[in-house]
Every structure is written in C-alpha cells, then in structure tokens.
1. Filtering the stretch 84-98 down to residues that are closer than 20 Å to residue 337 by Cα and open to solvent by less than 40 Å² (accessible area, probe 1.4 Å), which residue is farthest from the chain's Cα centre (by Cα)?
2. Residue 79 - would you say it is closer than 30 Å to residue 364 by Cα, open to solvent by 40 Å² or more (accessible area, probe 1.4 Å), modelled with pLDDT of 90 or more and of a type outside the set (Ser, Thr, Tyr)?
3. Test residue 314 against the stated conditions and say whether it is touching a helix residue (DSSP H, G or I) at 6+ places or on another chain (Cβ under 8 Å) and at positive phi.
4. Can you name every residue in the stretch 114-134 that is in a strand (DSSP E or B) and of a type in the set (A, V, I, L, M)?
5. Identify, please: which residue in the stretch 110-143 is hydrophobic (A, V, I, L, M, F, W, C) and under 15 Å from residue 97 (Cβ atoms) and is, among those, surrounded by the most Cβ atoms within 10 Å (Cβ to Cβ)?
6. Just to be sure before I move on: is residue 269 touching a Pro at 6+ places or on another chain (Cβ under 9 Å) and of a type in the set (Phe, Trp, Tyr) in the structure I sent?
7. Tell me the residue from 189, 174, 224 that is more than 25 Å from the chain's Cα centre (by Cα), at pLDDT below 95 and surrounded by fewer than 21 Cβ atoms within 10 Å (Cβ to Cβ), please.
8. I need the full set of residues from the stretch 155-171 which are assigned to a helix (DSSP H, G or I) and surrounded by fewer than 19 Cβ atoms within 10 Å (Cβ to Cβ), in order please.
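The values are calculated or read from the model by the stated rules, or taken from the named source; none is laboratory data. Predicted model, so just to flag it, every value in this text is computed and none were measured. Backbone-built Cβ (ideal geometry, glycine too); neighbour counts: all protein chains shown. SASA here: full protein model, heavy atoms, side chains in, ligands and nucleic acids out. Shrake-Rupley method; radii C 1.70, N 1.55, O 1.52, S 1.80 Å.
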Amino acid sequence: MKKLLPLLLALALLLSGCGRREDAPPDPVQDPPSGTKEPGEPRPVSPENPLELDILRIEICRGGLGSERLMEAARTLPELLRSTLAENQSIITDTIQVTIGSSPAATVQALNGGAVDIAILPAEGFAGQETEAVLLLASGPGANESPLWTDSGGSFQASICAAPTDYGLNLAVRAGKEGDLPTWEEMNRARWGLLERDSLPGRRAVDLWLADNYEGNTTASLSRVTVYGDFDQLIQAAEAGEIDVFPRDDSDSAARNGDTAEFLNEKVFSLGQTERFYDMVLAVSPEREDLSAPGLNLKDPLMFTLTQLCFYDGTQTNADGTPLFSGEGCDRETRMLCQDVFGPYRYGWAEDKDLDATRRLLTLEGHTAD
C-alpha cells in the first residue's frame, strides 16, 4: 500500500496537467453580435432614439446687437428652438432656457462652471479663453451657396496673389519655377494692396501668413502699402496695374463668378493661401459630457436646427425633391432675427483644432486669454 500511494499521486498530477499546456494559446475571444453597443455607449439621436431632457440651457453672445433685439431673441427663441428640435431633430426637452451673455469671457465662464449647457458665441471670443468646453460647430462664409441639405461648413480664407504687372509676373515666375516663396526682400519691394486693419481676409489673415513664412514680419513691416475700402476696389486696382500683390477673398464665390472671374481665375497667380478662420461657434459645457459624447452625434441635429431657423423658408428640398424639413418654414422676419443672433453664415462640423489658427492670430496681435 505504501508503494501504491506515490504511484496514485503521480498519476493524479499527470492527469491534471493534460487539460492545457502552459504554452497553449487561450480560447479565442468571441466577437460581440453585429450592431451591439458597449455598455454605457450612447446611441446616435434619431426618431427611434430621441434625446429626452428636462431642460436645455443655451447662452448666446453676439456683439453689435441692440438691447431690444437681444430681448426679442430671448423672448422668441426658447419656444422656437424647443419646437424645432423636437419636430425635426428628435431632441425633446420640456424647457429651453435662453440667456444672453454680456461678453465672450462671461459666456465661456458660464460654460466652464456648468451654468449653461450650450453656448453660441463669436469664434475669436471662444478661442481667446481658457476652456475645456467641447466645440461642435463653426460657421463661416462660403457654405451658404451650397444646398441646405449638405453639411458643408464655410470659413474666411484668402489667397495671396501676384497681379499681372511686370513685378508681379516676376514674383509669379520665381514661385512657379522654383516652387519656393519669394524672399522677404522681394516681397517688401512689391506694391501691396490691402484692406483696413479690421478686415479678417483682407488684412489680419495676411498678417498671420506673412508671420508664418517670413520670420514674424507682418503687413506693418511692408514698405509699400495702399489701403482700399473693399475687395472690389482692390481687384480694380490690380486690374489697373496699381499694385503687384494683393489678397483675394476665397470666401466670396460670387467674386470669382462675376465680371472679375476671368481676371481672378486666369490672370493672377497665387503665391499662397492663408489659414481658415470662422465667424461663430457652438460649444458644449465640459460639465455636460453626456451631450458632447461623439456616439450621441448632436452635431447634426444642432447644425440642421440652426440651418432651418436661419435659412429655411419652406421651399427648399432635398436632392430627391422631398421637403427638407417638415412644416412651412420660418417667415422672413423670424429668419432675420435668427441670423442676427446666430450669425449670417451656415454652421458645419468643427473641432477644437480648427481654432488653432485663430489662437495664433490672437497671440500675434497681442491678445491673451482672460
């Protein structure tokens, strides 16, 4: 019996090790069924999955509007937003509270502290603040020309163009053959045409382009500058041979399709293109991660709501000819009020990095975060 016991123990150990060798691969992990969601992952908002809220707090900051117009917006927009979001965008809320921000800094502070859920404010005002708010949408020129059912956003942007003067053609030939920008000395000898200092595509965007490409030099460093009142005057000066270099407003498609189209498209040479800049933004409070979660995809519902309120008159259709939105659309007075408050341009998808150029421009101009 004493000899048999060790043999039985050895046999038991041998059998227990036969189930799996230490170097054997583990059982394969089974993929989850198609279409399943991870626990806690939100589903996109849709008619089958509406977003239901007790209250949605929205703050609007828009400079240049009189107090009466702002108060009219505060009275009109809550019910207008509530009904539009529910009717077409599957966001159902018992109450929408609209407040008017006294300044971009105050509005961003309200966002940061969770006093408001969503804010709509000037892009530069938002970019100039320290915030963890999540940027969802931005507006700018250019998108208004595309059909309302598209989701393309616009922006301010300009091309730095050489006019067909002797010196302008020399700059164009140099850039075209060698693939490099002219030197600062060559650019400084050119006759420049610009707009006033507050023009984003006509001056300020050019400042950042020069600073990026010429060691911090800006339009203030140029020796020969003539200032014009608008882009039409600027183009006329270029056609007349009065200037060698000028910014072309790439945001204005009408300018390139009208009487000046042949000149701008065929007779000038682009030396470079500025960064993109935006007019207004929509951001979500960092305290409301439930609203900014990518899986929820609030970008589309909010974008199309603003499109409907500002631009839909009831006649525009989808590509297949069906009505773009249900309902009759807003009357002209309501659309004008919404454009006054939300801005005159359509909104498109955006993310925080889209404002990096704006932040660099503000730094170049000496602005600091409040």
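1. Among those that are closer than 20 Å to residue 337 by Cα and open to solvent by less than 40 Å² (accessible area, probe 1.4 Å), it is 96.
2. Details: closer than 30 Å to residue 364 by Cα: no; open to solvent by 40 Å² or more (accessible area, probe 1.4 Å): yes; modelled with pLDDT of 90 or more: yes; of a type outside the set (Ser, Thr, Tyr): yes.
Judged against the criteria, residue 79 is not a match.
3. Numbers: touching a helix residue (DSSP H, G or I) at 6+ places or on another chain (Cβ under 8 Å): no; at positive phi: yes.
Against the criterion (touching a helix residue (DSSP H, G or I) at 6+ places or on another chain (Cβ under 8 Å) and at positive phi), residue 314 does not qualify.
4. Initial filter on the stretch 114-134 (in a strand (DSSP E or B)): 118-122, 134.
If the condition is that a residue be in a strand (DSSP E or B) and of a type in the set (A, V, I, L, M), then 118, 119, 120, 121, 134 are the ones that fit.
5. Quick first cut of the stretch 110-143, residues hydrophobic (A, V, I, L, M, F, W, C) only: 110-111, 115-116, 118-121, 123, 126-127, 133-138, 143.
Retained after the next criterion (residues that are under 15 Å from residue 97 (Cβ atoms)): 110-111, 115-116, 118-120.
On the way: 110: 20, 111: 28, 115: 14, 116: 26, 118: 22, 119: 26, 120: 25.
The selected residue is 111.
6. Values: touching a Pro at 6+ places or on another chain (Cβ under 9 Å): yes; of a type in the set (Phe, Trp, Tyr): yes.
Against the criterion (touching a Pro at 6+ places or on another chain (Cβ under 9 Å) and of a type in the set (Phe, Trp, Tyr)), residue 269 qualifies.
7. Values: 189 fails: at pLDDT below 95; 224 fails: at pLDDT below 95.
One residue alone meets the criteria, 174.
8. Quick first cut of the stretch 155-171, residues assigned to a helix (DSSP H, G or I) only: 166-171.
Correct list: 166, 167, 169, 170.
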